[in-house]
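The values are calculated or read from the model by the stated rules, or taken from the named source; none is laboratory data. Being a predicted model, the structure only gives us computed values, none of them experimental. For neighbour counting, all protein chains shown are included, and Cβ atoms are generated from backbone atoms with ideal geometry for every residue, glycine included.
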Amino acid sequence: MENIHKDVAIVTGSSSGIGRAIAIALARKGVKVALVARDAKKLEEVKKIIEKSGGESIVVAQDLMIENSVLSIIECVQKKLGAINILVNAAGRVAMGGIDKINMKLWKSVIHLNLTIPYEFIHYLLPEMKEHERGWIFNISSEIGSRAIQYSGVYGVSKAALNRLSEILDLDVSEFGIHIYSLCPGWVNTKLAIDPSLLGVDKNEILQPEQIAKIITDLYEINNYKLSTILKITPMDHNVSTENSTRKFFELNKHLV
Ligand SMILES: NC(=O)c1ccc[n+]([C@@H]2O[C@H](COP(=O)([O-])OP(=O)(O)OC[C@H]3O[C@@H](n4cnc5c(N)ncnc54)[C@H](OP(=O)(O)O)[C@@H]3O)[C@@H](O)[C@H]2O)c1
């Protein structure tokens with residue numbers, strides 16, 4: 001599909017799960033997508049899916065934990081696809097458990113990937129978005145970031161801070177026509193989350209990555225109203241709520257608490 005605005009998106013974490021589904025969905029809307037993650041093979045597979053539906057994408061295989069990776073990704077995308085006006089921060093990792101069980105190395109790496117990297121992308125992309133008065137920033141946060149959940153440790157802190165960053169950013173830049181959203185899903189069927197079968201749950205009862213992607217494309221297409229910056233997305237069934245599932249997970253994994 002042709003996109004008259006020729007919008008260009010960077011989607012981090014697009015080799016799997018939520019980021020992958022978002023990249024495919026945005027490309028179906030005619031957005032040119034830069035696919036960012038470490039696994040080049042998986043990114044090439046996503047590129048092929050996008051090509052099959054007539055979309056355009058490039059693969060930027062990069063480890064975001066490497067210093068200066070963000071600037072080199074941005075430069076590469078600008079050169080190959082043009083000005084970037086959509087950013088999806090979906091790359092992330094999870095680490096939960098008692099605070100005394102999460103060592104400093106783990107703390108630093110989770111904070112770096114889940115919070116500092118989104119901040120860095122936003123920092124470098126904002127001037128261009130402001131200049132063009134056109135932009136969308138979607139931070140993939142978590143329900144765990146929107147309220148305190150026992151043993152959510154460093155993950156909960158990183159996502160709560162990402163939510164606050166999104167709120168402040170919204171105050172700073174909405175007058176420039178830049179839309180900021182922090183999506184806070186509950187339990188989504190991806191490899192990062194608890195395997196539903198471990199808790200005796202059918203995977204179809206929890207959220208699916210494609211459902212999150214549909215919300216993103218709907219938000220992208222809104223043009224005359226705004227939703228709140230922090231958007232919670234929870235499965236209807238209370239049994240698979242984040243609170244219940246994390247409690248059950250830690251009952252089975254007492255060594256982590
Ligand atoms: N699944 C859930 O229940 C759930 C709920 C709420 C929020 N979220 C959030 O959703 C986001 C996406 O997670 P997901 O559930 O879709 O899990 P996922 O399938 O494991 O996806 C994580 C993505 O992050 C990328 N990534 C990890 N480390 C990276 C690094 N150092 N450099 C570059 N890319 C890296 C991975 O790609 P490579 O391995 O190829 O690098 C992968 O594409 C995360 O921010 C997560 O916190 C998930």
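For every residue, the table says whether it meets (1) surrounded by 17 or more Cβ atoms within 10 Å (Cβ to Cβ); (2) within 15 Å of the ligand (Cβ to nearest atom).
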residue: N189; (1), (2): yes, yes
residue: S197; (1), (2): no, yes
residue: G200; (1), (2): no, no
residue: L207; (1), (2): yes, yes
residue: T217; (1), (2): no, no
residue: Y225; (1), (2): no, no
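Here's the yes/no breakdown for (1) aliphatic (A, V, I, L, M); (2) within 21 Å of Y225 (Cβ to Cβ); (3) not in a helix (DSSP H, G or I):
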site: L125; (1), (2), (3): yes, no, no
site: E128; (1), (2), (3): no, no, no
site: G156; (1), (2), (3): no, no, no
site: S174; (1), (2), (3): no, yes, no
site: I180; (1), (2), (3): yes, yes, yes
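Looking only at the stretch 64-78, how many residues end up being surrounded by 12 or more Cβ atoms within 10 Å (Cβ to Cβ) and either part of a helix (DSSP H, G or I) or of a type in the set (F, W, Y) (or both)?
Number of matching residues: 9.
Counting only residues that are surrounded by fewer than 15 Cβ atoms within 10 Å (Cβ to Cβ) and among the polar types (S, T, N, Q), which one in the stretch 139-187 is modelled with the lowest pLDDT?
Per the criteria, the residue is S174.
Name the single residue, out of those in the stretch 1-50 being away from the ligand (no atom under 15 Å from the Cβ), of a type outside the set (A, V, I, L, M) and part of a loop (DSSP other than H, G, I, E, B), that is nearest to I73 (Cα to Cα).
Selected residue: D7.
In the stretch 130-145, which residue that is over 15 Å from S182 (Cα atoms) and not in a helix (DSSP H, G or I) is nearest to the ligand (Cβ to nearest atom)? Before the answer, list the steps.
Step one: filter the stretch 130-145 for residues over 15 Å from S182 (Cα atoms), giving 130-134.
This time we only want the ones that are not in a helix (DSSP H, G or I), so: 133-134.
On the way: E133: 28, R134: 25 Å.
That would be R134.
Of the residues A95, A83, which is touching an Asp or Glu at 6+ places or on another chain (Cβ under 9 Å) and touching a residue at least 60 places away in the same chain (Cβ under 8 Å)?
On the way: A95 fails: touching an Asp or Glu at 6+ places or on another chain (Cβ under 9 Å).
Just one listed residue meets the conditions, A83.
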